[in-house]
Protein chains: 2
Amino acid sequence: MEKLKELSAEERLCWLRLIRSENVGPITFFQLLSRFGNAESALDALPELARRGGRKKPIKVFSKSRAEMEVQSIEAFGGSMLAACETDYPLALAMIADPPPVIAVKGHKHLLNQDILGVVGARNASAAAIRVTHKIAKELSENNIVIASGLARGIDTAAHQAALFGGTIAVVGGGIDYPYPRENANLQQQICEQGCVIAEQPFGTVPQARHFPRRNRIISGISLGVLIAEASPRSGSLITARLALEQGREIFAIPGSPVDPRAKGTNNLIRNGATLVESAEDILAVLKYVRIRPLKEPDIPTQSFGHSGLADEQEANMARPHLISLLSPTPIEIDELIRQTDWHPATILTILLELELAGRIERHIGNRVSIIE
Amino acid sequence: MEKLKELSAEERLCWLRLIRSENVGPITFFQLLSRFGNAESALDALPELARRGGRKKPIKVFSKSRAEMEVQSIEAFGGSMLAACETDYPLALAMIADPPPVIAVKGHKHLLNQDILGVVGARNASAAAIRVTHKIAKELSENNIVIASGLARGIDTAAHQAALFGGTIAVVGGGIDYPYPRENANLQQQICEQGCVIAEQPFGTVPQARHFPRRNRIISGISLGVLIAEASPRSGSLITARLALEQGREIFAIPGSPVDPRAKGTNNLIRNGATLVESAEDILAVLKYVRIRPLKEPDIPTQSFGHSGLADEQEANMARPHLISLLSPTPIEIDELIRQTDWHPATILTILLELELAGRIERHIGNRVSIIE
């Protein structure tokens, strides 16, 4: 991905069309960009790539008119779009393995490139956890840390409210315009005015369960670290902690009594090395070192298609059946596929890209893929 | 200290007299034993040593008749005395820097050399902490871990009660016969019958505040590790944790919400490396490895007086004023005194021994001494 290049309106429209096209996720997006040099050429290539991957009916390419409509809606709403290569896009987010190629933002964009701490926790949080979270978020806010959260009930709400004055970012699961949850419609509006709201999903999208893990990767992705205030086992907050860890971000957790099941998750995080947090100081002491650490260069896409750009189609045709035979519904690392075969890595990546566009494989965190049965 | 040697009644009486004599603490006791070969010779030397240390009025040597009376009282009470060199004496306790040379015990002595976990915590513990402690102690008990505690209200009581059937040891602050606190008189009686009670203080001693830190070193001293269930900052439980750490024992702590000041101490222990405990399993997982580790040899007394046994008195007379000038009310490590002077270590140890017997210096944890102004 080329960094820190402002796109023309036309180019940004192509980015939007590409990521909104069928079977194109963030990883595929950046692989296509790397392979074809720009989004426009990638868009042109989509039908043929999907066909090679085994797609029978034509792949749905997002139309220019729909993209224009989306941009117009966001602008009418008072927001704007940011592409991952642009300067206003959060640099920390650009460094994760699967950054959203385009986000919609509304509010004070400068907050996106400040020192951010993500705060997540249970919706049905205890009064104690809410009180502690509010206190910590407020103190962090007073120490120039921007607080990011997900606008949910409970912990999220406490974190946003405490940091409203100092600077807070709400990452929403649906479209940037969709007020969710209803009871936080006012808060969402306030954050649009005083803070900043981010959305990855298209304008007008009603948030659904499957959107939230993707939303959570953005909360941790824009942040230096994530504070998990209260989390029962197998909760969304723990998924966020795992994502944050994979993104190389700091994990902070508030402990709780073993009699409270809502503390099980955070206690377990602490047992596994998360920083135990009782006050803002505990977080600031760690962030002090994280902030002076130079940010590493974005490592997406990690896999190059080589100088040839395009893998030999004949070789791809020979390798495809072999590669498909190695895939199963259990996700496997792409590196492992490369190790287990004699095919050129560029060939394998090309085949996987085509299979994904054809809707036959699914990408997973940790550079893994599985077949869709 | 010679290990695993049974004493005659006569020898045990001499041990008792020596430790009950004025200004003789456990460390001095074992230094005297090392220097004079046996307690009887050390008793004979006490007056001269104290005089050399600057003692004006004669040092009070504990009389044989009083020692006999104490032994008789303990036996009439149904208890017995154990010297640190004897097989029934808890081996783990013999390995600390300052084991009690003689303890009174009542009950099932075999518990003293089993796998023991110490449990300490606040007297005004929360209902949640008491509930968790009871559950954990019960489960450990069912897994053949003997539970040691201090018979206090709150956490101690919960731990003892939970482990009454499986095996529990009460280390009391006063005499073995003295029921304290009153409301636990029945529990103390039950533990005498079903478990084991240990006392370092003389028979009939009314427990006083200063006895409790010394009592706590025994709780951790007989244990493989100590569980701190709930502890406010600067509480006795935290002192026990520190003692346990200095004794090389495992530290376990139950986390709690930052809003509860009684969890500050345990959360801080966890932050500093204590094992976070939510259930008995968390403790068993650690003890599994501690139990198979060979017990190290007792390292008391660490300092040898050399082959000559007695340091040259003339040299001691020359060194004494210099050494005293180096001492202050701030404790200093004995090793540091040895480093800062040219005097032979045996000379320095002799002078310190004499000063202590004269009541002019005080020993502290960490092999340190301070002058008594």
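The values are calculated or read from the model by the stated rules, or taken from the named source; none is laboratory data. A quick note: this is a predicted structure, and the numbers were derived from the prediction, not measured. Cβ atoms come from the backbone with ideal geometry, glycine included; neighbour counts cover every protein chain shown. SASA here: full protein model, heavy atoms, side chains in, ligands and nucleic acids out. Shrake-Rupley method; radii C 1.70, N 1.55, O 1.52, S 1.80 Å.
Brief remarks follow.
- Among the listed pairs A:K264/B:K106; B:K109/B:K138; A:K138/B:K264, those beyond 30 Å (Cα-Cα): A:K264/B:K106
- Hydrodynamic radius of segment A:106-290 by the Kirkwood approach over all distinct alpha-carbon pairs: 15.7 Å.
- Ordering of A:239-249, A:191-201, A:279-289 by packing is A:191-201, A:239-249, A:279-289, highest average first (other Cβ atoms within 10 Å, averaged per residue).
- On the principal axes of its alpha-carbon atoms, segment A:187-292 has extents of 41, 34, 27 Å, going from largest to smallest.
- Peptide B:258-266 - average C-beta neighbours from other chains (10 Å radius): 4
- Here the protein assembly as shown has 51 percent of its accessible surface on carbon and sulfur atoms, given a 1.4 Å probe and all protein chains in place.
- Sparsely packed trypsin sites (Lys or Arg not before Pro) within segment B:110-216, loop by DSSP, other Cβ within 10 Å at most 16: B:R123, B:R153, B:R210
- Residue (of B:A50, B:G78, B:F30) at the positive-pole extreme of segment B:30-79, dipole from beta-carbon charges: B:A50
- Considering only A:L323, A:P233, B:L7, and ranking their Cα positions along the charge dipole of the protein assembly as shown that arises from unit charges at the beta-carbon of Lys, Arg, Asp and Glu, the one farthest toward the positive end is A:P233.
- Cα gyration tensor shape for segment A:9-105, rounded if a/c is under 1.5, else prolate or oblate: oblate
- Only protein heavy atoms count here; on that basis, with a 1.4 Å probe, A:R66 has an accessible area of about 140 Å².
- Using a probe of 1.4 angstrom and keeping all protein chains present, the accessible surface of chain A works out to 43 square angstrom per residue.
- Cα→Cβ-extended label distance, 7 Å offset, between A:N186 and B:N143, nm: 5.1
- Here is the interface size for B with A: some 1500 Å² of accessible area buried, both sides summed, with a 1.4 Å probe.
- Computed [θ] at 222 nm, deg cm²/dmol, the protein assembly as shown (DSSP H ≥ 4; -39,500 (n - 2.57); rounded to nearest 500): -13500 deg cm²/dmol
- Sites matching trypsin sites (Lys or Arg not before Pro) across segment B:1-46 that sit in DSSP coil, with at most 11 neighbouring C-beta atoms within 10 Å: B:K5
- Relative pair counts by distance (%), Cα atoms of the protein assembly as shown, 10 Å bins: 3, 13, 17, 16, 14, 11, 10, 8, 6, 2, 0
- Expected-Rg normalisation [2.2 N^0.38 Å, Cα atoms] applied to segment B:313-371: 0.99
- Buried on assembly, segment A:120-148 (at least 20 Å² less accessible surface than by itself, 1.4 Å probe): A:A128, A:R131, A:V132
- Distant alpha-carbon pairs in chain A (separation over 34 angstrom), percent: 30
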